Each structure stands twice: as structure tokens, then as C-alpha cells.
1. Dipole of the chain, Cα-centred, from +1 at each Lys and Arg C-beta and -1 at each Asp and Glu C-beta, to the nearest 20 debye?
2. Assuming R0 = 35 Å, what is the FRET efficiency of Thr19 and Ala153, from their Cβ-Cβ distance, to the nearest 0.05?
3. Using the Cα atoms of the stretch 49-207 to build a convex hull, what is its mean projected area in square nanometres?
4. Output the relative contact order of the chain, whole-number percent, from Cα pairs under 8 angstrom with separation of 6+ residues.
5. Taking the Cα atoms only, what angle lies between the long axis of helix 198-224 and the longest principal axis of the chain, rounded to 10 degrees?
6. At 1.4 Å probe size, what's the solvent-accessible area of Leu133? Round to the nearest 10 Å².
7. Place the peptides 11-24, 109-122, 204-217 in order of packing, highest mean first, counting for every residue the other Cβ atoms within 10 Å and averaging per peptide.
8. Compute the convex hull volume of the Cα atoms of the stretch 77-118, divide it by the residue count, and report the result per residue in Å³ as a whole number.
Amino acid sequence: MPLDHLLAAVPGWFNVTGTTATEIFGSTSIRFDDIVGVIEVDLRVHEDDGVIAVQEQVPGTRFPGTCHERHLQSDKHFCIGFNAGYGIVSFDHGVVWWGLLKHFLRLQRVAERTRQWPPQQEVAHGSAGPHQLAALDAAKELGIANEYMAMLAGETAWFSDPDLKIDAAGILGDGSLPCPVGCATHGILVPRSECCRSHAVAKLVIEEKLRREKVESYYSFARMLGEECCGTMLTCGLKDSTQCATPSRSTHSAPNSPR
């Protein structure tokens, strides 16, 4: 069982305080080498139909109960990585899972301090995630992965223009405009209609558009559930950046934060 592999691989920073057939209870004590600080949080790790999930023992005690910008999900569980709870069938898989959890908790500290989640450390929520990974693959093929990551961090980019069109042949609309990825003949940019990497360009534009649509659908559903911005992050899909600019004075910005 996956839970057995996790128990066999329990790291030194996690103190097990109790177990059942489907659960592990315990507390973290993660120290930082460069500064004084400890991440202490009581966790419940549990298995359901072969899938591992983790959450606070009492959700909302140390972190917000739900904050999608911090990957604290609607069901009060942590999202520690894309499909992280699946396929844990060995001791090594257990080691990797604990490593993902530790990294996630360190990123929570970053989020508390900076009120941002590093874009290079996340995959878009819900069904938007596979589209982000596909778009990033296309960006890497085009040699513009850094530009794609900068776009995720808030910078503008040609491939995120919502008005871009792809025709039936997989070519960018406005084909007479210069190729956006630098295809050239004798040092002169060719028109879009003659792009030498049109397949990757189309994939990037299409997948990025789908990513954005899926993210918006994700937050629309969260609004339907009555979820509200917790106020701990600079921007939030549940409210605009101005409304989320002032942190809430709740237990989530707690005095237990590592210093």
C-alpha cells in the first residue's frame, strides 16, 4: 500500500504521532541553514483508493484553509506537485513524495514573506496544468522558455495575445506580419505565413489560450462554491489585485511564522 511506503521513508524532520490503517498523523520541524527559522505544522497524511493526500490536521490553523494562489485546495488539501499522490509503489517513491512535501512547505514560507508564489515552481490549477506543460514544451522547442516563464510572472508576450488566430493550416493569422520567432532569409524576417517552425508556434498559442481558459473556469467554479480571497497574496483569481492588496489579520499570518 502507498501509505506503507511513506511510513518506511519518513524523514527526520517529520515526527509521527499516530497512525491508522489509512492515515499518518505527525508534526514537521523543518529548519533553515541560512537563517533562524523553523516550519512547524501538524499534518494528516491519508490514503484513499491508492491515492495519497496531505492537509493540516485542523485546516486553517497554520495556513489559510483554502488559497489557490498558495496551492491550498478547495477540499483543504495541499497540492504539492502535479499528480504527486499517484503511483507511490516503492520506498523510492515515498522518498520523493516526502521531498515534494518539504519543498511545498518551504514555498509556503516564501509565499508568506513575498506574497507571491514563484511562477517557475508551479503548474496551473486543475485541468489547466497539462496545457501549461504543453505550452512550455512548445516554448522550449522555440527557444523562448524564459520568455514563457516571464509571461507567467506577469510580463506581456506576443503568444498570450487573446486576439491571435490560428488558421486551418496551423499558421498564425495576419500572415503578412513578421515571423514572431525570428525565422529569416538573408537576415530579413520572413512573414508569418512562411514561419519555419509554424507547428511549435501553433502549439504554443493554442495551449496557452487553453491554459488561460481553464484557469478562468477553475476560478469561476471556486466563486460558485462561495470561496473568497484570503488576502495573503498580491494577486488572486477570486478578486483583482487591488482588492487583494491588504493581508487579512487572521491566524494565517500567524505569529508562528519562521523568522
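The values are calculated or read from the model by the stated rules, or taken from the named source; none is laboratory data. None of the values given here were measured: they were computed from a predicted structure. Every residue, glycine among them, receives a Cβ derived from its backbone with ideal geometry; neighbour counts consider all protein chains shown. Quick note on the areas: whole protein, heavy atoms, side chains included, nothing else; ligands and nucleic acids left out. Shrake-Rupley method; radii C 1.70, N 1.55, O 1.52, S 1.80 Å.
1. Charge dipole of the chain: 560 debye, to the nearest 20.
2. For R0 = 35 Å, the calculated efficiency reads 0.30.
3. 12.5 nm²
4. Result for the chain is 18 percent.
5. 40 degrees
6. 60 Å²
7. 204-217, 109-122, 11-24
8. It comes to 67 Å³ per residue, whole-number rounded.
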